[in-house]
Amino acid sequence: MDNRVPPRAAGPGPRRRDRHGRGMRGPIAPPQVPLAASRAEAFADLVQDSVERLERRWPQLADIDFLVLEVPRLDRQPIDAWDEETVPLGGTIAAREGRRARVVVYRRPVEIRTKTRDERAALVHEVVVEQVAELLGLTPETVDPRYGED
């Protein structure tokens, strides 16, 4: 009994069907549904919401860039800036040589410390308020009078 499988045609073209013959899978959710947003996009939206909330009170925040990075970089921090138990949740970069000031929020450390979206939104807002206060030389309570409230 010679039941040999014919060799597969070697071609550079894309696969047209999956191995069960049902075709390629489509997106899980349409793009306009919140489920379609990645975690990074949802986190960036939380930061943007917080910034917009503060810009109503502080119009000069329009001159500050707000960035989201995955994790803090060790090579840009002084060695003694961290101890073994703390990881920064955010940081600031002062304006210099034609570059605008920047506020950075680190996504992964914030996500690790929160369980729900509401907790994450509250922590993101606290981090943004603290970093803006540091950049402007004010107290966090001055930047947002509701700072520290649950």
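Read-outs throughout are calculated quantities, based only on the coordinates presented, and are distinct from any laboratory measurement. Since we're looking at a predicted model, the values are computed, not measured. Cβ sites come from the backbone with ideal geometry, for glycine too, and all protein chains shown count toward neighbours.
Structure notes:
- For a paramagnetic label modelled on ALA40 (point 7 Å from Cα along Cα→Cβ), amide N atoms under 12 Å away belong, within region 99-124, to 107-108.
- Difference of contour (0.36 nm per residue) and Cα-Cα distance, LEU67 to ARG146: 26.1 nm
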